[in-house]
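This report refers to the structure that appears directly beneath it.
No value in this document is a laboratory result; all are computed from the given coordinates. No experiment lies behind these values; they were computed from the predicted model shown. Quick reminder, even Gly has a Cβ in these numbers, built from the backbone with ideal geometry, and neighbours come from all protein chains shown.
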Amino acid sequence: MPKMKTHRGTAKRFKITGSGKIMRAKAYKSHILEKKSPKRKRNFRHETEVAASDFKVIARNLGIR
């Protein structure tokens, strides 16, 4: 059986931490920023953990587990 290839689009959007969590960027940061408060925009900078329901599919696309 050949090796599984990493899905390159997924690899560019997610990163794996040392403990094995998959992290993602937050949405809604790209445009229409005037009406969003500075606090809300600041919080978009932080990464967040992928939901448990999405973990399996993303992990498979990244070639782990």
List the GluC sites (Glu not before Pro) in the range 2-65 that DSSP assigns to loop (not H, G, I, E or B) and whose Cβ has at most 16 other Cβ atoms within 10 Å. Which are they?
-> Glu34, Glu47
In debye, nearest 20: dipole of the chain around its Cα centre with unit charges on the Cβ of K, R (+) and D, E (-)?
-> 200
For the Cα atoms of the chain, what angle does the longest principal axis make with the long axis of helix 52-62, in degrees from 0 to 90, nearest 10?
-> 60
From the list (1) 33, 26, 20; (2) 67, 28, 23; (3) 52, 23, 20, can you say which value of Cα extents along the principal axes in Å was derived from the structure given?
-> (3)
For the chain, calculated [θ]222 nm from helices alone, where every DSSP H run of n ≥ 4 adds -39500 (n - 2.57) = -9500 deg cm²/dmol
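Pairs to check: Lys26/Lys56; Lys12/Lys41; Lys3/Lys29; Lys36/Lys56. Give those whose C-alpha atoms are more than 31 Å from each other in this structure. The partial results should precede the final answer.
Numbers: Lys26/Lys56 19 Å; Lys12/Lys41 22 Å; Lys3/Lys29 36 Å; Lys36/Lys56 33 Å.
Over 31 Å apart, Cα to Cα: Lys3/Lys29; Lys36/Lys56.
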As straight-line cross-link partners of Lys21, the qualifying aspartates and glutamates (C-alpha separation under 14 Å, not fewer than 8 residues apart within one chain) are Glu47, Glu49, Asp54
